[in-house]
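Everything on this sheet refers to the single structure shown next.
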């Protein structure tokens with residue numbers, strides 16, 4: 001079998017956990033932060049697990065992670 005190319009932007013955005021779930025960071029924390037509350041920004045710092053519907057597609061893009 002030939003090697004599969006990894007999707008470059010996906011390998012920067014996603015990691016796989018030990019159990020095989022896809023870990024991702026949350027959106028909406030790049031700009032226009034003045035109107036967002038401190039609590040909201042603090043909760044956006046945390047990472048989360050991608051949904052099962054998206055996880056299968058992401059795993060194809062990062063085959064060797």
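Nothing in this text is a laboratory measurement; each read-out follows from the coordinates by a stated rule. All values reported here derive from a predicted model rather than from experimental measurement. As a convention, Cβ positions derive from the backbone with ideal geometry for all residues, glycine included, and neighbour counts pool all protein chains shown.
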Spin-label pair residue 18/residue 30, simplified geometry with 7 Å Cα→Cβ offset, distance in nm: 3.3
To the nearest 10 degrees, how steeply does helix 52-61 sit against the main Cα axis of the chain, on a 0 to 90 scale? 60
Quick check: residue separation of residue 9 and residue 49 times 0.36 nm, minus the Cα distance between them. What number comes out in nm? 12.6 nm
Residue-averaged 222 nm ellipticity for the chain, from DSSP H runs of 4+ at -39500 (n - 2.57), nearest 500: -9500 deg cm²/dmol
Computed from the beta carbon distance with a Förster radius of 25 Å, FRET efficiency for residue 65 and residue 1 to the nearest 0.05 stands at 0.90
